[in-house]
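> To start, I am sharing the structure in question, which I have written as structure tokens.
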Amino acid sequence: AGLQDRAPNLDVEGTTLWTFDHITEYRVKIIQRELGAVGLRGGTSIKYENRGEEHFYGLGPDTSLGDGTSYRMERTALEAMVGYEFLDTWDFTGKFAYQNVNITNGEDGGRGIIDEIFVRTGRQRIPGLGGDEIVSWGIDLQHDNRDDKEWPAKGGYERFHFSFNKGMESSSGFLKYRGEVAHFFKLLSERRVLGFRGVVEHNDEVGDLRRA
């Protein structure tokens, strides 16, 4: 018997992405549905991405087009989750993630070198520029009543995300809030669909945690 016959509630998914604008991504995701008698699910995922040409101009009010630079971001992430679906359209998920992030000079020779502009000149302190390890604890709450998850013609979804993120090399962390809403409407026929989507995200820095 195959894996699907022996483990009908086990989903294994692998994705690979290459783009012409210097993005490489690999991801493996494993989900075990219907854990125990209460309908919980659990899973884990491993993701590696390499973005060779990201543009950066500074932080906040110190942003300047004259300081335009290119950088490479390399990130490896391991995530574990436990979720529960209820009332057919609601889903709650708790997550823990570990990330290893490294930021170095990018591939775009037509722009400035990020180390020369922001490190050697001391113009700004850029968190994570030399690389860092980040741990995150978060929750996701979602309501989804779309008639089809891939090609919806009506219905929509609302998603809320909250997480605490802490760099291993840093004494501070940040709270992340993200809300997303999307709705779809048929226009006279199934082949004409109008969709609306909005996203709001906010981050709050948490001070020196060594004082706590």
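The values are calculated or read from the model by the stated rules, or taken from the named source; none is laboratory data. Everything quoted here is computed from the prediction, not taken from an experiment. Cβ coordinates were reconstructed from backbone atoms using ideal geometry, including for glycine residues, and neighbour counts include every protein chain displayed. Heads up: the accessible areas ignore ligands, DNA and RNA and are worked out on the full protein's heavy atoms, side chains in. Shrake-Rupley method; radii C 1.70, N 1.55, O 1.52, S 1.80 Å.
> Failed condition for Ser172, given (1) open to solvent by 40 Å² or more (accessible area, probe 1.4 Å); (2) within 22 Å of Lys95 (Cα to Cα); (3) at pLDDT below 80, with all others met?
(1)
> Something else: Any idea which residue in the stretch 113-130 is modelled with the highest pLDDT, counting only those that are under 23 Å from the mean Cα position of the chain (by Cα) and surrounded by 14 or more Cβ atoms within 10 Å (Cβ to Cβ)?
From the stretch 113-130, those under 23 Å from the mean Cα position of the chain (by Cα) are 126-130; that's our starting set.
Narrowing the set further to residues that are surrounded by 14 or more Cβ atoms within 10 Å (Cβ to Cβ) leaves 126-129.
On the way: Ile126: 58, Pro127: 54, Gly128: 58, Leu129: 64.
So the residue we want is Leu129.
> Something else: Starting from the stretch 146-168, take each residue that is free of Cβ contacts under 8 Å to residues at least 40 places away in the same chain and part of a loop (DSSP other than H, G, I, E, B) and list its partners that are among the small types (Gly, Ala, Ser) and open to solvent by less than 80 Å² (accessible area, probe 1.4 Å), counting only C-beta distances under 9 angstrom and pairs at least six apart or across chains.
Arg146/Ala153; Arg146/Gly155; Arg146/Gly156; Arg146/Ala182; Asp147/Ala153; Asp147/Gly155; Asp148/Gly155
> In addition: I need every pair where a residue in the stretch 85-102 that is touching a residue at least 60 places away in the same chain (Cβ under 8 Å) has its Cβ under 8 Å from the Cβ of a residue that is part of a strand (DSSP E or B) and not hydrophobic (A, V, I, L, M, F, W, C), sequence separation at least 6 or different chains.
Close Cβ pairs satisfying both conditions: Lys95/Glu79; Lys95/Ser136; Lys95/Gly138; Lys95/Asp140; Lys95/Ser163.
> Let me ask something else about it. Identify the single condition in (1) at pLDDT 90 or above; (2) surrounded by fewer than 14 Cβ atoms within 10 Å (Cβ to Cβ); (3) among the aromatic types (Phe, Trp, Tyr) that Trp151 does not satisfy, given that it satisfies every other one.
(1)
> Suppose the filter is open to solvent by 40 Å² or more (accessible area, probe 1.4 Å), at pLDDT below 85 and assigned to a strand (DSSP E or B); does Glu190 pass it? Reasoning before the result, please.
Values: open to solvent by 40 Å² or more (accessible area, probe 1.4 Å): yes; at pLDDT below 85: yes; assigned to a strand (DSSP E or B): yes.
Considered against the rule, which asks whether it is open to solvent by 40 Å² or more (accessible area, probe 1.4 Å), at pLDDT below 85 and assigned to a strand (DSSP E or B), Glu190 comes out as yes.
> Test each condition in (1) outside any strand (DSSP E or B); (2) modelled with pLDDT of 80 or more; (3) surrounded by 12 or more Cβ atoms within 10 Å (Cβ to Cβ) for Asp88 and report the one that comes out false.
Every condition holds for Asp88 apart from (3).
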